[in-house]
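Note sheet for the following structure.
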Amino acid sequence: MRLSRRVAALAVAFGTMFATVACSGSEEPGEGTKKVEVFTWWADGGEKAGLDGLVGVFKTDCADYEFLNGAVAGGAGSNAKQVLASRLQQNDPPDTFQAHAGAELSDYINDDQLEDLSAQYTEWGLTNAFPKGLIDNLTVGGKIYSVPANIHRANVLWSNKTVLAKAGITKDATTLDGFFADLDKLKAAGVAAPLALGKDWTQQMLFEALLISKLGPEKFNGLWNGSTPWTGAEMTAAINDYKRLLTYTNKDRDTFDWTDAEKLLMDGKAAYQLMGDWEAADLDAKGFKDYGWSVFPGNGNVFQWLADSFVLPKGAKNADGTKCWLKTVGSATGQAAFNQKKGSIPARTDVGTDGFPAYQQAAMADWKTATQVPSCPHGSACAQTWQGAVGSAQGKFSSDGDVAALQTALASAAAEFGPKK
Ligand code: GAL
């Protein structure tokens, strides 16, 4: 695996923050290139397996072009987003990059960094292929700027079945109280840190899952649209419960990516991990079979969604090749090949369940009936600036446990970056 010169320079610039860059070739794309540089953070495990599935279809459907892997490793784009921001600032965009539907995508649109794809939607017959709500999340000012690849679910609790059985836990908890009782049982059975947890964005996910249980979906949505205050007693109670939840987690959490926490679960050192359903694909890719899943206790029939989508940046070197990539992403064949390996479900409504692992088949059924709420760390609920502020506040809380300080910081973040009244 070789690094392109430009990416290698950025790697140096980002120092230790920068993990791995996977490039399939050493040549950089240039004028008249056939290469399509696809920028993601899907560098390993189930994420890479999903990307490979899509690339397989691209190779067949877009044989005139060549896939160039611009992946920058690091869960949820923790490294990739910085590299991307820097490249966009220098007018050096990749041919396409992944962006989450919702507020995160709006950031790029508002900064005038993306081409309008409305004509391609008509040409490729995409306009009615996706659910209307999702299309609304990809549209600004009547124009549509990206092609969604999938729907992921964020609020899933993964478990190690053997560890649960040893502690005498035979049923999934459906309430927070029940969950705390199971965590206590695990501790009593000698599992010191039964809930595996990682750094920043993974902590945001755990906190959000807890907020959904404490507030319910309507008030949870209100946190992002401005109708639910971050101040007040209900939020204080939720933060106190979150503080209690942290006492069941590994102390080195702030140094862990989601895959490090996942390893604790696979090794039987932890019983649970709250993580999006890319974990299903990753556990499968790693050959770990002894896992169970349930919706986070107390979330009921809520599906916390996020969607990866691909864009055509202004100034892309190979716009025609990128359009072929985007057409593949939006096609039924592309969505089946990608999602069967990625843990997510197709964004298109016309892809059947055949060939999908059991987890995704269940998720496809849930998606049809569940109440939908968005995710801030995965861009559907909040802009990157807001996410950054929440992330720093929670990172501080992870070490000082100061409930009042966290609540004040969350309220200030909402006032600064949330919708203006
Ligand atoms: C999310 C992304 C998923 C998955 C995850 C972990 O933000 O939407 O596709 O890659 O990060 O890296």
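From the square roots a ≥ b ≥ c of the eigenvalues of the alpha-carbon gyration tensor of the range 268-421, which class results: rounded (a/c under 1.5), prolate (a/b over b/c), or oblate?
Verdict is oblate for the range 268-421.
How high is the relative contact order of the range 265-376, in percent, with contacts defined as C-alpha pairs under 8 Å that are six or more residues apart? Write out the running numbers ahead of the final one.
Values: 77 pairs, mean separation 39.5, N = 112.
With pairs under 8 Å counted, the relative contact order is 35 percent.
What is the set of long-range amide H partners of Ala271 at a cut-off below 5 Å, with H atoms built 1.01 Å from backbone N?
It is Leu195, Ala196, by chain and number.
Give me the dipole magnitude in Debye, nearest 20, for the range 326-421 about the Cα centre, with unit charges on the beta carbon: positive for Lys and Arg, negative for Asp and Glu.
Rounded to the nearest 20 debye, it is 300 debye.
Work out from phi, with θ = phi - 60° and the Karplus expression 6.51 cos²θ - 1.76 cosθ + 1.60, the ³J(HN,Hα) of each residue of the range 202-208, listed in order in whole Hz, and give x for Gly and Pro.
Once rounded to whole Hz, the list reads 6, 5, 4, 5, 5, 4, 5.
Put +1 on the Cβ of each Lys and Arg and -1 on the Cβ of each Asp and Glu in the chain; which of Thr127, Pro374, Phe207 then has its Cα farthest toward the positive end of the dipole?
Phe207
State the answer as a single residue: which of Leu157, Ile109, Gln98 lies farthest towards the positive end of the charge dipole of the range 71-165, with beta carbon charges of +1 for Lys and Arg and -1 for Asp and Glu, about the Cα centre.
Final value for the positive-end residue is Leu157.
Would you calculate a helix-derived [θ] at 222 nm for the chain, using -39,500 (n - 2.57) for each DSSP H run of n ≥ 4 and dividing by the full residue count, to the nearest 500?
Mean residue ellipticity at 222 nm (helix-derived): -15000 deg cm²/dmol.
Picking from Thr247, Pro357, Phe310, whose Cα lies most toward the positive end of the charge dipole for the chain (charges on Cβ: Lys, Arg +1; Asp, Glu -1)?
In the chain, that residue is Thr247.
Report the local net charge at Arg153: Lys and Arg +1, Asp and Glu -1, summed over other residues whose C-beta lies under 15 Å from its C-beta.
Spelling it out: positives minus negatives among the neighbours equals -4.
May I ask you to list the lysines whose Cα is less than 16 Å away from that of Lys185, ignoring any residue fewer than eight positions away on the same chain?
Correct list for Lys185: Lys161, Lys166, Lys171, Lys269.
When the C-alpha atoms of the chain are aligned to their principal axes, what extent does each axis show, in angstrom, from largest down?
64, 48, 44
Tabulate in residue order the Karplus-calculated ³J(HN,Hα) for the range 42-52, using 6.51 cos²θ - 1.76 cosθ + 1.60 with θ = phi - 60°, rounded to whole Hz; enter x for Gly and Pro.
Along the range 42-52, the couplings run 9, 9, 9, x, x, 5, 5, 4, x, 4, 4 Hz.
Could you tell me what percent of the DSSP beta bridges with both partners in the chain are antiparallel, to the nearest 5?
DSSP beta bridges in the chain are roughly 65 percent antiparallel.
For the chain, what is the accessible area per residue in Å² when the probe is 1.4 Å?
39
Spelling out what I want: for every residue of the range 103-113, take phi, set θ = phi - 60°, compute 6.51 cos²θ - 1.76 cosθ + 1.60 (Karplus), and round to whole Hz; glycine and proline get x.
These are the phi-based 3J(HN,Hα) values: 4, 4, 5, 4, 4, 5, 5, 5, 7, 6, 9 Hz.
Given a 1.4 Å probe and every protein chain left where it sits, what share in percent of the accessible area of the range 189-306 is carbon and sulfur?
53
Express in Å², to the nearest 10, the accessible area of Val403 obtained by rolling a 1.4 Å probe over the protein heavy atoms while all chains stay in place.
Counting only protein heavy atoms, the figure is 20 Å².
Tally Lys and Arg at +1 and Asp and Glu at -1 over the other residues with C-beta under 14 Å from the C-beta of Trp293: what net charge comes out?
Around Trp293, the charge tally is -4.
Rounded, prolate or oblate: which one fits the range 349-409, using the alpha carbon gyration tensor with axes a ≥ b ≥ c (rounded when a/c is under 1.5, else prolate when a/b beats b/c, else oblate)?
In terms of gyration-tensor shape, prolate.
In whole percent, what relative contact order does the chain give with Cα contacts below 8 Å and a gap of six or more residues?
Result for the chain is 27 percent.
Relative contact order for the range 88-214: what is it in percent, counting Cα pairs under 8 Å that are at least 6 residues apart?
Averaging sequence separation for qualifying contacts and normalising by length gives 18 percent for the range 88-214.
Based on Cβ point charges of +1 for Lys and Arg and -1 for Asp and Glu, what charge dipole magnitude is obtained for the chain about its Cα centre, in debye rounded to the nearest 20?
560
Please give the charge dipole size of the range 43-121, origin at the Cα centre, charges +1 on K and R Cβ atoms and -1 on D and E Cβ atoms. Round to the nearest 20 debye.
Result for the range 43-121 is approximately 280 debye, rounded to the nearest 20.
I'd like the accessible area for Asp402, computed on protein heavy atoms only with a 1.4 Å probe and all protein chains in place. Round to 10 Å², please.
We get 70 Å² for Asp402.
The values are calculated or read from the model by the stated rules, or taken from the named source; none is laboratory data. Everything numeric here is computed off the predicted structure, so don't read it as measured data. All Cβ positions, even for glycine, are placed from backbone atoms using ideal geometry, and neighbour counts span all protein chains on display. Keep in mind that these areas ignore ligands, DNA and RNA; they rest on the heavy atoms of the full protein, side chains included. Shrake-Rupley method; radii C 1.70, N 1.55, O 1.52, S 1.80 Å.
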